[in-house]
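The structure appears right after this line, and notes come after that.
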Amino acid sequence: LTLTLSTQPEKAKAGENLLRLKITDQTAKPVTDAQVSFQYTMNMPGMVLSKTDAKASKDGFYESKANFGMMGEWDVTVIVRRPSQKEIQEKFKVVAADGK
(Lines give C-alpha, C1' and ligand atoms only; values in the text may rest on other atoms or scores of the structure.)
Protein backbone atom coordinates (compact mmCIF):
# COMPACT_ATOMS: atom_id res chain seq x y z
CA LEU A 1 0.00 0.00 0.00
CA THR A 2 1.00 3.60 -0.55
CA LEU A 3 0.08 6.05 2.22
CA THR A 4 0.13 9.78 1.48
CA LEU A 5 -0.56 12.24 4.31
CA SER A 6 -1.62 15.81 3.68
CA THR A 7 -3.29 18.56 5.68
CA GLN A 8 -5.87 21.22 5.04
CA PRO A 9 -4.83 23.94 5.06
CA GLU A 10 -1.94 22.64 2.97
CA LYS A 11 0.54 24.28 5.36
CA ALA A 12 -0.55 23.07 8.78
CA LYS A 13 -1.12 25.73 11.41
CA ALA A 14 -1.26 25.88 15.18
CA GLY A 15 -4.89 25.05 15.98
CA GLU A 16 -7.39 22.90 14.10
CA ASN A 17 -6.33 21.19 10.87
CA LEU A 18 -7.78 18.43 8.71
CA LEU A 19 -5.54 15.37 8.37
CA ARG A 20 -6.07 13.56 5.06
CA LEU A 21 -4.63 10.14 4.30
CA LYS A 22 -4.80 8.73 0.79
CA ILE A 23 -4.35 4.96 0.53
CA THR A 24 -3.67 3.22 -2.77
CA ASP A 25 -2.74 -0.37 -3.59
CA GLN A 26 0.04 -1.72 -5.86
CA THR A 27 -2.01 -0.89 -8.96
CA ALA A 28 -2.66 2.71 -7.75
CA LYS A 29 -6.32 1.91 -7.08
CA PRO A 30 -7.88 3.68 -4.06
CA VAL A 31 -8.30 1.46 -0.98
CA THR A 32 -11.79 1.89 0.47
CA ASP A 33 -12.06 -0.93 3.04
CA ALA A 34 -9.65 0.40 5.69
CA GLN A 35 -10.14 1.61 9.24
CA VAL A 36 -7.75 4.50 9.84
CA SER A 37 -6.74 6.31 12.99
CA PHE A 38 -4.23 9.05 13.68
CA GLN A 39 -2.06 9.55 16.76
CA TYR A 40 -0.14 12.79 17.12
CA THR A 41 2.14 14.51 19.60
CA MET A 42 5.13 16.80 19.80
CA ASN A 43 8.43 15.16 20.67
CA MET A 44 8.80 17.10 23.92
CA PRO A 45 8.66 16.09 27.59
CA GLY A 46 5.16 16.33 29.03
CA MET A 47 3.32 16.28 25.69
CA VAL A 48 0.27 14.02 25.62
CA LEU A 49 -0.50 11.65 22.74
CA SER A 50 -3.75 12.63 21.01
CA LYS A 51 -5.79 10.08 19.05
CA THR A 52 -8.56 10.43 16.50
CA ASP A 53 -10.39 8.04 14.17
CA ALA A 54 -10.63 8.99 10.51
CA LYS A 55 -13.77 8.79 8.43
CA ALA A 56 -13.67 7.40 4.90
CA SER A 57 -14.14 10.14 2.35
CA LYS A 58 -14.01 9.49 -1.40
CA ASP A 59 -11.38 7.99 -3.70
CA GLY A 60 -9.40 6.28 -0.92
CA PHE A 61 -9.15 9.36 1.32
CA TYR A 62 -9.60 9.14 5.09
CA GLU A 63 -10.03 12.36 7.06
CA SER A 64 -10.10 13.58 10.63
CA LYS A 65 -9.65 16.87 12.44
CA ALA A 66 -6.54 17.34 14.57
CA ASN A 67 -5.74 20.18 16.94
CA PHE A 68 -2.05 21.07 16.93
CA GLY A 69 -1.86 23.05 20.16
CA MET A 70 1.27 25.00 19.24
CA MET A 71 3.64 25.80 16.40
CA GLY A 72 6.43 23.34 15.70
CA GLU A 73 7.09 19.82 14.49
CA TRP A 74 4.42 17.21 15.25
CA ASP A 75 4.86 13.43 14.97
CA VAL A 76 1.81 11.87 13.32
CA THR A 77 1.41 8.08 13.35
CA VAL A 78 -1.11 6.63 10.93
CA ILE A 79 -2.64 3.25 11.81
CA VAL A 80 -4.35 1.35 8.98
CA ARG A 81 -6.38 -1.80 9.58
CA ARG A 82 -7.98 -3.86 6.81
CA PRO A 83 -9.92 -7.13 6.91
CA SER A 84 -7.59 -10.15 6.92
CA GLN A 85 -4.50 -7.93 6.62
CA LYS A 86 -1.67 -7.10 8.99
CA GLU A 87 -1.98 -3.72 10.71
CA ILE A 88 0.18 -1.00 9.18
CA GLN A 89 1.69 1.87 11.15
CA GLU A 90 3.53 4.68 9.40
CA LYS A 91 5.09 7.80 10.93
CA PHE A 92 4.98 11.26 9.36
CA LYS A 93 6.22 14.69 10.45
CA VAL A 94 3.96 17.72 10.16
CA VAL A 95 5.19 21.25 10.88
CA ALA A 96 2.54 23.58 12.27
CA ALA A 97 3.17 27.24 11.47
CA ASP A 98 1.69 30.36 13.04
CA GLY A 99 -2.10 30.15 12.78
CA LYS A 100 -2.43 33.84 11.85
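Observations
- When the listed pairs 58/93; 22/65; 51/91; 13/65; 55/86; 29/65 are checked against a 22 Å cut-off, the alpha-carbon distance exceeds it for 58/93; 29/65.
- Given a 1.4 Å probe and the protein chains as shown, residue 6 ends up with an accessible area of around 50 Å².
- Accessible surface of the chain, 1.4 Å probe, proportion on carbon and sulfur as whole %: 49
- Residues whose amide H lies under 5 Å from that of residue 54, counting only those 5 or more places away or on a different chain, are 36, 37, 38; hydrogens are built 1.01 Å from N in the peptide plane.
- Once the 1.4 Å probe is applied to the protein heavy atoms, the stretch 1-83 comes out at 58 Å² accessible per residue.
- The structure shown yields Rg/Rh (Cα atoms, Kirkwood Rh), and of the options (i) 0.98; (ii) 1.01; (iii) 0.94 that calculated value carries the label (i).
- Its Cα centre serving as origin, the chain has a Cβ charge dipole (Lys and Arg +1, Asp and Glu -1) of approximately 100 debye.
- Most to least accessible of 63, 87, 10 (protein chains only, probe 1.4 Å): 10, 87, 63
The values are calculated or read from the model by the stated rules, or taken from the named source; none is laboratory data. Because the structure is predicted, anything quoted here is derived from the model rather than measured. With ideal geometry, Cβ positions are generated from the backbone for all residues, glycine too; neighbour counts draw on all protein chains shown. Accessible surface areas use protein heavy atoms only, side chains included; no ligands, DNA or RNA. Shrake-Rupley method; radii C 1.70, N 1.55, O 1.52, S 1.80 Å.
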